[in-house]
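*Asks:* Have a look at this one before I ask anything.
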Amino acid sequence: MATTATAALQDPLGAFRQMSMNQRFTWLAGLAALIALIVVTLIWTSRLDYQVLYTNLSERDGGAVIGELQKLGIPYRITGGGAVIEVPSQQVYATRMKLAAGGLPKGAGVGFEVLDNEPMGTSQFVERVNYQRALEGSLGRTIEALSAVDAATVHLAIPKPSVFLSEAEKPSASVLLKLYPGRVLSGAQVAGIVHLVASAVAGLNAQNVSVIDQDGNLLTAGPRADSGIQPEQLAYRNTIEQQYRKQIEALLAPLVGSEGVRVAVSADIDFAKTESSSVFYGQGHVLSQQQQSTNSSGSGSLPAGVPGALSNQPPGGVTAPFTVGSASAPLTPQQLTQITPSLKTLAPTAASSSATTNYDLDKTVSHTQQPVGSVKRLSVSVLVNDQAKGGKPVAMSTAQLGQMKQLVENAIGFSSQRGDTVSVINMPFTAAQKEAEKTLPWWRQTWLWDGARQAAPYVIALILGLMAYRAMRKAATGGGKGRRGESAEPEAAADHPAERRAAQGAGLGGGPELAAAGMPGVLAPDTVHLSNTLEADAAISRELVKQDPRRAAQVVKEWLSDGQ
């Protein structure tokens, strides 16, 4: 048995061939089970217990955290649909400290999603705080969308509303920006951020928004405390002055040349906002109101009586005696007819009438609002160079200067009522400069250095082109020259007996191998030719290799390169 085991260890393949089919199957099954057991053991022992590192990270922070984990070589696993990042349990706290040292995760701030799961019974104070947090986070995310902004933090100071207008306070905002290295924000971008924040908060004025960068630089320059001048006002003034200056230079350039005129404009701008109201009364009068009323009262012909049921019944016949002059004689119908008109006349009556007429003077009410940024006063100074006539500078005449002044006044809309002033002066420009250039040596003249500065790129390009062409030419013809030089060297030695003797004296003489091959004792350069026998060529080759190994190696190297 021991001998068989020893033989199996010495020749396992032979022992396997000598086994029967069942033995082979049993041996392979046992080997597979052993391998599977080893693999399962390795996997089980190398399995890591993962724990949560961060959850609910934004896409930006999640990508930054994963990139940092890859740099640190820490294994990680993403679960929960991409919302959870897990690392081995023994590395959780160390990894968090390393990421915190690098400023990760940055945290984009909460947005309005904080209001999605608002529990019932939340107090009004908590609701107001959550709304402010959501508004600040949303504004920060919006500002981070700018290409130059890496991170943005917005702080809002929203006062509690008051029922008294005199005690109401205006909200304010502060914005902290972290810019990418090497990037800056222009004035227009800063103004856009200010108006974005001011438009998102009710009652917030753009002047109450402050923006600073990560270095503490104030990007929103407010009005100066001593003068109250806004940067926008200075920019507007510079724009007005520049427009007038370009307009005057374009007008005078055809007359004196673009280099022959200098213009300076000073504009006094009125930035005050003025409103005025006025009432004018005319000479005539107009009827504004007329009222008339008439009242009358009486009982002569009006029905009268005691209200009630009895007064509504028709009267019956007259039975009571009515005497005139005699108490026992009744009135006849003719007497009653005569008495009735007199009774109507004796009834009490009253009447009144009134009229009211009002007259007002005619008047005109006007409300005027002055525009902001109007020009109050302009001061223009124009300096004109002398004109060259016959190769010499000549001063301009008074008439020419007067015409130029008239052109400038018409171009700026000159107004003596607002106090505009225009000055046109003729003086030579470059006299002192030309005199100074004449005193300088030739190698310090301006024209020389200007020409050299302009020609330097072309000269450098020409030199580089020649060097590249020479290198290409040398690379293309270098190998052929070497071969031609090597083949021409023996010919030159053969043509000149002196060189042949020098070669013989240098040790190019024959050896015993040449004598055995039937070759002369001296190996001349023209000895090698195609008519030699194989033994002679081999002997000659061996002798040449002995005499000049470097040359033989170069020949073999050229053969190999030609074969490739």
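*Asks:* Is the shape of the stretch 91-163 best called rounded, prolate or oblate, per the rule: a/c under 1.5 gives rounded, else a/b larger than b/c gives prolate, else oblate, with a ≥ b ≥ c the square roots of the Cα gyration tensor eigenvalues?
*Replies:* Numbers: a/c = 2.69, a/b = 1.58, b/c = 1.71.
Verdict is oblate for the stretch 91-163.
*Asks:* Another question, if that's okay. Which three extents, in angstrom, do the Cα atoms of the stretch 132-190 have along their principal axes, listed largest first?
*Replies:* Largest first, the stretch 132-190 extends 49, 24, 13 Å along its Cα principal axes.
*Asks:* Are there any trypsin sites (Lys or Arg not before Pro) in the stretch 12-65 that are in a DSSP loop and have at most 11 other Cβ atoms within 10 Å? List them by number.
*Replies:* Details: sites: ARG17, ARG24, ARG47, ARG60; in loops: ARG47.
For trypsin sites (Lys or Arg not before Pro) across the stretch 12-65 that sit outside H, G, I, E and B with at most 11 neighbouring Cβ atoms in 10 Å, the list reads ARG47.
*Asks:* For ILE212, what accessible area in Å² do you get when you roll a 1.4 Å probe over the heavy atoms of the protein chains, rounding to the nearest 10?
*Replies:* Around 60 Å² of this residue is reachable by solvent.
The values are calculated or read from the model by the stated rules, or taken from the named source; none is laboratory data. Not measured: the values here are computed from a predicted model. All Cβ positions, glycine included, derive from the backbone under ideal geometry; neighbour counts span all protein chains shown. Quick note on the areas: whole protein, heavy atoms, side chains included, nothing else; ligands and nucleic acids left out. Shrake-Rupley method; radii C 1.70, N 1.55, O 1.52, S 1.80 Å.
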